[in-house]
Amino acid sequence: MERIYLDNNATTILDPRVKEAMEPFWCQLYGNPNSLHTFGTEVHPYMRLAFDRLYAGIHARDADDILITGCATESNNTVLQSVWYDLIRTGKRSEIVTTQVEHPAVSNTCRFLETMGAKVIYLPVNAAGIVDAQILKRHIHPDRTALVSIMWANNETGLIFPVKELATLCRENGILFHTDAVQAVGKVPVDVQDAPVDFLSFSGHKFHGPKGVGALYVRKGLKITPLLHGGEQMGGRRGGTVNVAFLVGMGLAMELAVESLPHEQTEVRRLRDRLEDALLSVEGVAVIGSREDRTPNTILTSVKGVEGEAMIWDLNRQGVAASTGSACASESLEPNPTFVAMCLDSELAHTGVRLSLSRFTTGAEIDEAIAAIRSSVARLRTISPSAVS
Amino acid sequence: MAKSDLIGGTLWESYSGKVNDRMLHPRHLGEITAADAAKLGARLVVADWGAEVCGDAIRAFWAVQDGKILDAKFKTFGCGTAIASSDMMCEMIIGKTVDEAMKITNIDVERALRDVDDTASIPPQKMHCSVMAYDVIRKAVSEYKGVDMDSLEEEQIVCQCARVSLRTVKDVIRVNDLRTVEDITRYTKAGAFCKSCIRPGGHESRKLYLVDILAETRAEMERAAEKSGQQKSFAALGLLQKHSAVEKVLDEKVRPNLLKDGGNLEVIDMKDADGFTDVYIKYLGACKGCPSASVGTLDYIEGFLKSDLDPKIRVLPI
């Protein structure tokens, strides 16, 4: 059975060109870049090229830093724990402002910092599923707020947050602004000059790069207390030998993703919309958020009368990989926080199924997925007591 | 945490073959209409349990004739585990009386879904889905009998998944001197499955939580220990008070037995020495010259004083 992968917000296939670019760094160019001999120095040009690609990809200036980390979770932890260490622990500021719909990499780190004495404000989203500048304005204060951390795009809904307005508001008030851009890089343009963010996290494997490598953008002149103390790598801001192969891979993946942005906006969006139209033609099916406000690859759908995990189990049986924010599949039966924060009918919170495409998704795959989804919905509705006839 | 916890996403791989089969091909899915029941000469019982807003809802249809379940069907809004458990539940109750059906628990349903005897059919965090099947049986019985559902439960249940009662949890804490919820889980399996009963904020909200029961029971135990501690702080007493404590034990527990044999003893002196309290005694009556006076009887006397007052008491006959 040919399987169809529609879970690209979880991870993506490695672009074969990226795989090829990483190949020399296992057995030939394996030197430690911090060594003085030629084994070490000969990898520098490749690293420089990778950094150039990453800097260009998000429009960072040479005076800014892009620290290479192990994952976006590490990037998020670095910013949040550094702010706690430098500003909150010392009593200079007291609060972190974030949202109720952040990824656990941010929200659970905030919960940890609460145990260390930080005050954290979790902002609700509005009916459109985002936090806008009006909401944020009411909750920040130049004397108290140490950091605002708001995602660029939501992993469940794909909804894009107005990061430019939010970051500008913080800049005007002298407050640091961080964004977790994991779901934005490679799907929508990300420009740290246009949107004046201070810190930005991203992860290689979300845009067809390797897993196990991420990055943290730090605007020029900002203090960061390392999460990982150690050697002088990353200018002493992140210890640990750089995984050169992964850095090279992520660099190329970034360049390819940025090149593909027009393709995301046209082809990927067109396939996404075709899938979405087909879903909406089924009675009792809803999609969260308007198409224009979402990353072009994401659909969060709710099928009335069909529990989310039962749905993805049935889709998996037919070779279609999707994911669910449905509580039954996770440790907690609490409804998906994104759904709850959006004030949606809580019945929907148990019916959510996320379908996420990539530039590798084909039209034929979408057609097959549509047939599979129709079949699963029909079958599971015969089981449900509240089936739509 | 252990090696097996370091790789995620084994939820579906933990389902048994029978669970997978019934998720895909449930045998008892559907409805029984009033006409179907009438054809069987049976009474139709329809019971709803759960709600879609909570993520799980099940509707059971029973055709009951003279207390016997002739047919059972279900519909469910829930994950695959809920579908498979509901289906197995129907299969297990068909042909049984209503009272027999009520004795079937979610644990029986889970067992029946196993492929191999010693391997669970569903992963721990899915156990609560099988509880639905048990709850709907009780709901149907209460509908059939026209009684309140709570009246069907004999004991207050803390952990629905493992069916552990409040009494069992309290007993196991007391008897084994348990200090953590993990210990309670190890002894009783309570809290090992969906974990809702451990503390607020889990899958479902509960009336009773293990953390609270543990804290309460420990507090009760401490109060009790404090009470007996007041009687037992023998070592801290002065010699005069030690003497009256010793006399009290001798009067209550030792002398009556010695007197039965025509003997007795008196305390001549008491000294604190080397961290011990030495009690010098003189045997009287038949005890004087009794062969066991320096062996068995002595151990007998010392035993009472040690257990009731302080293990560091030595009895020395003169």
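The values are calculated or read from the model by the stated rules, or taken from the named source; none is laboratory data. Keep in mind it's a predicted model, so treat the numbers as computed, not measured. Heads up, the Cβs are rebuilt from the backbone with ideal geometry, glycines too, and the neighbour counts pull from every protein chain shown.
Could you look through segment B:162-171, keep only residues that are touching a strand residue (DSSP E or B) at 6+ places or on another chain (Cβ under 9 Å) and farther than 15 Å from B:Tyr134 by Cα, and pick out the one that is surrounded by the most Cβ atoms within 10 Å (Cβ to Cβ)?
If we take residues in segment B:162-171 being touching a strand residue (DSSP E or B) at 6+ places or on another chain (Cβ under 9 Å) and farther than 15 Å from B:Tyr134 by Cα, then B:Val169 is surrounded by the most Cβ atoms within 10 Å (Cβ to Cβ).
Inside segment A:270-313, can you point out the residues that are of a type in the set (D, E, K, R) and either assigned to a helix (DSSP H, G or I) or within 14 Å of another protein chain (Cβ to nearest Cβ) (or both)?
Across segment A:270-313, the qualifying residues are A:Arg270, A:Arg272, A:Asp273, A:Arg274, A:Glu276, A:Asp277, A:Arg291, A:Glu292, A:Asp293, A:Lys304, A:Glu307, A:Glu309.
Test A:Val101 against the stated conditions and say whether it is more than 28 Å from A:Gly240 (Cβ to Cβ), more than 15 Å from the chain's Cα centre (by Cα) and modelled with pLDDT under 95.
no
Taking the stated definitions as given, is B:Arg163 among the basic types (Lys, Arg) and under 21 Å from the mean Cα position of the chain (by Cα)?
Answer is yes for this residue.
Here are some residues: B:Leu237, B:Leu284. Which one is aliphatic (A, V, I, L, M) and either in contact (Cβ under 8 Å) with a residue 24 or more places away in the chain or within 30 Å of B:Arg174 (Cβ to Cβ) (or both)?
Going through B:Leu237, B:Leu284 in turn, the sole match is B:Leu237.
Is it the case that segment A:250-263 has a residue that's modelled with pLDDT of 95 or more, surrounded by fewer than 19 Cβ atoms within 10 Å (Cβ to Cβ) and outside any helix (DSSP H, G or I)?
So far as segment A:250-263 goes, no, none of its residues is modelled with pLDDT of 95 or more, surrounded by fewer than 19 Cβ atoms within 10 Å (Cβ to Cβ) and outside any helix (DSSP H, G or I).
Just one of B:Glu204, B:Glu182, B:Glu153 is under 22 Å from B:Ala51 (Cβ atoms) and without any contact (Cβ under 8 Å) to a residue 24 or more places away in the chain; which is it?
Of B:Glu204, B:Glu182, B:Glu153, the one residue that is under 22 Å from B:Ala51 (Cβ atoms) and without any contact (Cβ under 8 Å) to a residue 24 or more places away in the chain is B:Glu153.
Hey, among A:Lys220, A:Lys206, A:Lys164, which residue is in contact with a Gly (Cβ under 7 Å, 6 or more places away or on another chain) and in the same structural domain as A:Asn126 (by TED's automatic domain parsing)?
Checking each option against the conditions leaves just A:Lys206.
Check off (1) assigned by TED's automatic domain parsing to the domain that holds B:Ser165; (2) of a type in the set (Val, Ile, Thr); (3) in contact (Cβ under 8 Å) with a residue 60 or more places away in the chain for B:Val246 and give me the number that stays unchecked.
Condition not satisfied by B:Val246: (1).
Considering segment B:166-189 alone, what residues qualify as being at pLDDT 85 or above and not in a helix (DSSP H, G or I)?
B:Asp177, B:Leu178, B:Arg179, B:Thr180
Tell me, please, whether a residue that is of a type in the set (Ser, Thr, Tyr) and out of contact with any Ser or Thr (no Cβ under 6 Å at 6 or more places or on another chain) can be found in segment A:223-232.
Checked segment A:223-232: no residue is of a type in the set (Ser, Thr, Tyr) and out of contact with any Ser or Thr (no Cβ under 6 Å at 6 or more places or on another chain).
Can you find a residue in segment B:148-161 that is part of a loop (DSSP other than H, G, I, E, B), surrounded by 23 or more Cβ atoms within 10 Å (Cβ to Cβ) and touching a helix residue (DSSP H, G or I) at 6+ places or on another chain (Cβ under 6 Å)?
Checked against the condition, which is being part of a loop (DSSP other than H, G, I, E, B), surrounded by 23 or more Cβ atoms within 10 Å (Cβ to Cβ) and touching a helix residue (DSSP H, G or I) at 6+ places or on another chain (Cβ under 6 Å), segment B:148-161 yields at least one hit.
Tally up the residues in segment A:118-138 that are out of contact with any helix residue (DSSP H, G or I) (no Cβ under 8 Å at 6 or more places or on another chain) and surrounded by fewer than 15 Cβ atoms within 10 Å (Cβ to Cβ), please.
3
Can you name every one of the helices (runs of 4 or more DSSP H) wholly within segment B:204-301 that holds 2 or more residues which are farther than 30 Å from B:Arg167 by Cα and of a type in the set (Val, Ile, Thr)?
Filter on segment B:204-301 gives B:239-249.
Could you give me the residue pairs with C-beta distances under 6 Å whose first residue belongs to segment A:243-256 and is among the β-branched types (Val, Ile, Thr), whose second residue is outside any helix (DSSP H, G or I) wherever it lies, and which are 6+ apart or on separate chains?
Filtered contacts from segment A:243-256: A:Val244/A:Val43.
Quick one: what pairs do we get from segment A:260-282, first residue over 21 Å from A:Arg17 (Cβ atoms), second of a type in the set (A, V, I, L, M, F, W, C) and part of a helix (DSSP H, G or I), C-beta under 7 Å, 6+ apart or different chains?
So the pair list comes out as A:Leu271/A:Ile366; A:Arg274/A:Ile366; A:Leu275/A:Ile366; A:Leu275/A:Ala369; A:Leu275/A:Ile370; A:Ala278/A:Ile370; A:Leu279/A:Ile373; A:Val282/A:Val377.
I'm trying to understand the selection: among the residues of segment B:185-208, which are closer than 12 Å to B:Lys170 by Cα and either within 14 Å of another protein chain (Cβ to nearest Cβ) or among the aromatic types (Phe, Trp, Tyr) (or both)?
The one that is closer than 12 Å to B:Lys170 by Cα and either within 14 Å of another protein chain (Cβ to nearest Cβ) or among the aromatic types (Phe, Trp, Tyr) (or both): B:Tyr187.
Confirm whether A:Ala215 is within 28 Å of A:Thr168 (Cβ to Cβ), touching a Lys or Arg at 6+ places or on another chain (Cβ under 7 Å) and of a type in the set (Gly, Ala, Ser).
no
Under the condition of being free of Cβ contacts under 8 Å to residues at least 12 places away in the same chain and more than 8 Å from every other protein chain (Cβ to nearest Cβ), which residue from segment B:50-97 is surrounded by the most Cβ atoms within 10 Å (Cβ to Cβ)?
B:Ala51
Take the residues of segment B:1-39 that are more than 14 Å from every other protein chain (Cβ to nearest Cβ), surrounded by 15 or more Cβ atoms within 10 Å (Cβ to Cβ) and of a type outside the set (S, T, N, Q): which is farthest from B:Tyr134 (Cα to Cα)?
B:Asp36
Which numbered condition in (1) touching a Lys or Arg at 6+ places or on another chain (Cβ under 6 Å); (2) without any contact (Cβ under 8 Å) to a residue 40 or more places away in the chain is the only one that B:Ala2 fails?
The one condition B:Ala2 does not meet is (1).
Could you please find all residues in segment B:149-200 being of a type in the set (A, V, I, L, M), out of contact with any Lys or Arg (no Cβ under 7 Å at 6 or more places or on another chain) and farther than 19 Å from B:Arg218 by Cβ?
Selection gives B:Ala192 alone.
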